[in-house]
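Each remark here refers to the structure printed beneath this line.
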Amino acid sequence: MENKDVEILRMLEEDAKLSISEIAKALELEEEEVKRKIREFEEKGIILKYKAVIDWEKVGLERVCALIDVKVAPERDKGYDSVANRIAGFPEVKALYLVSGAYDLSVLVEGRDMKEVASFVAEKLAPLERVQSTTTHFILKRYKENGIKFFGEEDKRRRLAISP
Amino acid sequence: MNDEKIKEKIAEKVKNMPKSGIRKFFDLVIGMENVISLGVGEPDFVTPWNIREAIVYSLEKGYTMYTSNKGLEELREEISRSIERDYGVYYNPEDEIIVTVGVSEALDLATRAIINPNEKVIVIDPSYVAYKPCVELAHGKALVYSTNIENGFKVDVDELERIVDENTKAMIINYPNNPTGVTYTKKELEEIADFAVEHDLIIISDEVYDKLTYDSKHVPIASLNGIRDRVIYLNGFSKAYAMTGLRIGYACANKHIAEAMLKIHQYTMLCAPITSQFAAIEALKNGKNAVKEMKEEYRRRRNYVYRRLREIGFEVVKPEGAFYVYPRIGINGEKFAEELLKKKRVAVVPGNAFGSSYRDFIRISFASSIKELKEAFDRIEEFINEIKIEKTI
Ligand SMILES: Cc1ncc(COP(=O)(O)O)c(C=O)c1O
């Protein structure tokens with residue numbers, strides 16, 4: 001991929017609300033070109049979605065999350081993929097990774113309350129064929145997600161308005 | 001004592017020194033709300049976390065004592081290594097490097113160390129606001145040479161030939177430049193170096209924006225053949241590492257000049273703050289990625305601002321480094337800046353703060369996010385359209 005493509009993606013990853021015009025000016029491209037490139041990224045599934053990052057705690061609608069370690073007996077020929085595919089399909093599953101170490105899959109599950117998460121694990125995840133064991137870690141506090149810190153904001157207001 | 005009597009006590013030189021254009025404008029801005037400022041001479045980034053973390057660690061360790069006058073040995077060694085690695089110039093950390101309280105102090109040391117009363121120093125306008133006052137406070141005379149926008153604010157050595165005389169001791173150069181963002185190519189630097197050799201001048205080279213060079217590789221003038229010993233190379237951490245308030249920089253020079261500068265430094269400053277010295281060590285050891293990221297962001301902002309200025313129709317030289325652009329706006333810069341501030345709450349610095357012959361220029365800083373720059377330029381465009389309408393009525 002050429003450099004400007006990567007830069008467009010980086011800019012959008014940082015701020016998806018940047019306009020075509022701003023991106024074009026910042027990268028010394030024509031607006032038409034930027035528009036075409038972004039359409040291509042969308043069509044090729046490189047840009048999957050534009051989302052807002054929300055601090056639900058501030059809204060008072062905090063959801064309960066848990067990280068679940070899952071041990072899996074891999075399937076002949078398919079390894080972990082088909083089990084992973086079945087787990088990933090549940091809307092409660094927000095993230096899913098195959099990891100090295102003492103267990104195999106790391107699953108981020110979200111629910112309205114602890115009970116909902118617990119019953120998801122007990123009723124949907126644990127009984128899955130090939131799932132050998134699960135360990136559930138409820139998330140008590142979110143400090144940083146997707147590169148964004150949820151606390152300890154920096155105060156830039158002290159910068160002088162005019163300086164040499 | 002009444003006010004008049006107290007005023008009489010002030011040294012003539014200081015009394016007669018004009019208040020800087022920047023400070024005048026600062027007084028106007030202060031207290032105003034909802035101002036977007038493009039008048040800022042420092043990064044909008046916070047110092048990278050690893051550097052701040054190193055500061056905290058040094059405080060926990062109780063490192064709050066004086067250091068040697070020259071600065072921590074480890075820091076001088078890192079500085080020496082980084083200049084050699086990046087540019088192939090070697091300065092001996094033992095006797096050719098002084099850690100200073102920013103480039104500001106280094107500049108003061110350099111001028112005081114070499115200037116005898118009434119000796120002249122060439123200052124190239126538009127120039128950073130401290131050069132002329134520093135020369136004058138060192139009892140020298142600033143020999144001002146003004147570059148122009150038609151030549152891309154580059155130095156024309158033939159014109160320098162016309163103003164230089166026997167009494168000229170040194171010249172101060174600054175690239176990438178504040179306020180123009182212009183930098184010099186190797187060939188241009190060679191011409192300047194030849195001129196300095198021919199007239200036996202010291203070159204004080206302020207290269208504090210070296211790491212923020214966007215389209216080419218920075219060349220320190222000290223790296224040119226046979227010139228190193230007449231160069232006083234100034235650099236620091238304020239801009240590239242977003243460490244302005246930590247007040248730390250350094251000077252590199254031939255050991256005799258360094259020794260002279262150190263004499264002044266030891267009696268006036270003793271040493272640079274130790275906390276900031278630890279920050280600087282971390283910056284040099286592990287700061288590369290952060291600098292690169294900030295530089296890429298500045299480059300995008302540079303591009304953005306340059307296009308907006310071109311669209312407005314201002315005469316403008318594309319900045320190749322630093323985070324400033326210095327367009328000619330065609331009307332009085334002071335008035336423009338004042339009206340723009342009052343009517344649209346956008347602050348820029350009048351161009352004449354950097355040289356008296358730049359009355360119809362302004363300096364715009366792009367050390368702000370693209371979002372803020374967009375809002376500011378939308379307001380500037382509105383303002384210009386309103387002026388145009390007023391004129392046609
Ligand atoms: C060209 C130039 N030199 C020196 C300085 C001062 O730098 P420091 O913070 O290292 O004293 C500045 C700051 O604006 C500058 O623009």
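The values are calculated or read from the model by the stated rules, or taken from the named source; none is laboratory data. From a predicted model like this one, the values you see are computed outputs, not experimental measurements. A quick note on method: Cβ atoms are made from the backbone with ideal geometry, for glycine too, and the neighbour counts reach across all protein chains shown. The accessibility values were calculated without ligands, DNA or RNA, using every heavy atom of the protein model including side chains. Shrake-Rupley method; radii C 1.70, N 1.55, O 1.52, S 1.80 Å.
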task: Please find, within the range B:321-334, the residue that is nearest to B:Phe153 (Cα to Cα) out of those that are touching a Pro at 6+ places or on another chain (Cβ under 9 Å) and open to solvent by less than 60 Å² (accessible area, probe 1.4 Å).
output: B:Tyr326
- line: Matching residues in the range B:93-108 (away from the ligand (no atom under 12 Å from the Cβ) and open to solvent by less than 10 Å² (accessible area, probe 1.4 Å)) number 2
message: Of the conditions (1) within 16 Å of the ligand (Cβ to nearest atom); (2) away from chain A (no Cβ under 14 Å); (3) under 30 Å from B:Pro273 (Cβ atoms); (4) open to solvent by less than 20 Å² (accessible area, probe 1.4 Å), B:Asp125 satisfies every one except a single condition; which number is it?
response: (3)
- prompt: If you go through the range B:35-58 one residue at a time, do you hit one that is assigned to a loop (DSSP other than H, G, I, E, B) and either away from chain A (no Cβ under 14 Å) or open to solvent by 90 Å² or more (accessible area, probe 1.4 Å) (or both)?
  reply: no
message: Being outside any loop (DSSP other than H, G, I, E, B) and free of Cβ contacts under 8 Å to residues at least 40 places away in the same chain: is that true of A:Leu61 here?
response: no
